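One structure is given here, and the rest of the page talks about it.
The values are calculated or read from the model by the stated rules, or taken from the named source; none is laboratory data. Fair warning: this is a prediction, and the values are worked out from it, not measured in the lab. Quick reminder, even Gly has a Cβ in these numbers, built from the backbone with ideal geometry, and neighbours come from all protein chains shown.
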Amino acid sequence: MPNDQDAGPTTPGAASTDAGRLWGGRFSTGPDEAAWQLGVSTAFDRQLWRQDLAGSQAHAGELRRIGVLDDDEHAQMVAALDRCAELFLADDFPFLPSDEDVHGAIERWLVEDLGPLGGKLRAGRSRNDQIASDLRLWCRDACDELVELVGALQQAFVDQAETHLGWLAPGYTHLQRGQPVLLSHHLLAYVWMLDRDAGRLRDARARLDASVLASGALAGQTLGLDPQAYADALGFDRVIENSMDAVASRDFALEVLAACAILAVTISRLGEEIVLWATAEFGFARVGDAFSTGSSIMPQKRNPDVAELVRGKAGRVVGDLVSLLTTVKALPLTYDRDLQEDKEPVFDAVNTLRLVLPAITGTVASLTFDQERLAAAAVGGFALATDLAEELVRRGVPFREAHEVVGEVVRLAESKGVDLDGLDPEDLAAAHPALDPSVAELLDPRAAVDRRDGVNGTATSSVAAQLERAREAAARNTTP
């Protein structure tokens, strides 16, 4: 197959008679070579061949219905489109330097294969509605695929949370120890973050699920083609309401990119936590060998490279969103050639996530945790100070005063080099009469965790119930 980076006429104007172009009759010469190279898109839009051929199959059916193709011609056209698909599947489609885009390449091949009959397929269609339809179909499939990959990552978290149910861990704010939690509670937080990411992809898919074929260049067509027939043939939920909107709008692609960018940021945050937890300073988790690398000079190194790479890839996906936003921000209705730039950012973002999601899923599944280190960190840094303040509230002390009292207790403990449970009962009683010896039982991290037994809290019973809901959420996304 020729390298499409080299595609284009060998001399200026040479493209003027090439069959790969879908325009040119009103021009006396072809485009300049540099101008041609700028506009050629087969290097990337070839990814749309399945969607383009599906649209062509639907279009052939409509052309038969209105009498542009008779039954025999329709049968020949369908068979030729099937043969074309086989060439693409075998990576053997004969792209030529004169092919401007995948649509023109396929039509050129049909004319070569069928003769004048191949040229009949263009009746009633425009590249404007053709490319909008192709990209909608591609995005629809991509959303479904990404949701399943997100579901697999959710399942990895569910499995880890179930395995480690009951393990203590430190909860953080500002990357400072805040309160003790269950490790499973922390892990399940990502299940719900990812569930919203899957929901955004589903929402984007629902809004883009509208057929645009029979919109023509911008105003519709005069041949009597039925827009609903295309929607039915291609499995679209509905027909887009306005032909100008159909060919001009790329908000559906922007919404997919926005969902991809937010998902990439979720995964980046996860990557950051894995990097931190795998350090000697934290020492909470160890990444499996298959998802770690070594150093070219330091033999002892064990680097969480996959976590770092997925963190780095987030910037790329965010950039894809910004790229297309910038492209469409000032385009008047309807189609403008700037919209050729709509495909590469979408392809890049989705293809990046296709790489990232399985890799980070394997990384999460490979994690082994250090129970003792997590438990020790769960009670460090005066993590039970809030429990002490809230107990004062239960004993009738205004929270503002309770906050100040416990702050003084913390300062006293710091001066003595101990945590709260290392203070003498007399020290607590001196801080406030309500801090009698019975408050000592509040300073047990396990009891502190299990006191937080709200439906979304970190108590063991609450997390066990949450785990069941998380398992259901992962199953919804992994089930086609």
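Every residue, every condition in (1) buried (at least 17 other Cβ atoms within 10 Å of the Cβ); (2) closer than 25 Å to Leu355 by Cα, yes or no:
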| position | (1), (2) |
| --- | --- |
| Thr266 | yes, yes |
| Trp277 | yes, yes |
| Ala285 | yes, yes |
| Ala290 | no, yes |
| Ile297 | no, no |
| Arg302 | no, yes |
| Val306 | yes, yes |
| Val318 | yes, yes |
| Leu333 | no, no |
- Note on the structure: Scanning region 178-217 residue by residue, those part of a loop (DSSP other than H, G, I, E, B) and surrounded by fewer than 18 Cβ atoms within 10 Å (Cβ to Cβ) turn out to be Ala217
- Task: Filter the helices (runs of 4 or more DSSP H) completely within region 334-406 down to those with at least 1 residues that are at pLDDT below 95.
- Result: 371-379, 385-394
- Task: Specify the residue that is surrounded by the most Cβ atoms within 10 Å (Cβ to Cβ); the eligible residues are those in region 156-177 that are touching a residue at least 40 places away in the same chain (Cβ under 8 Å) and polar (S, T, N, Q).
- Result: Gln160
- Task: For region 125-136, state whether one or more residues are in contact (Cβ under 8 Å) with a residue 40 or more places away in the chain and surrounded by fewer than 17 Cβ atoms within 10 Å (Cβ to Cβ).
- Result: no
- Query: Hey, any hits in region 379-395 for a residue that's of a type in the set (S, T, N, Q) and closer than 30 Å to Thr163 by Cα?
  - Reply: yes
- Message: Kindly evaluate Ala258 against the criterion of being surrounded by 22 or more Cβ atoms within 10 Å (Cβ to Cβ), assigned by TED's automatic domain parsing to the domain that holds Trp138 and under 18 Å from the mean Cα position of the chain (by Cα).
- Response: no
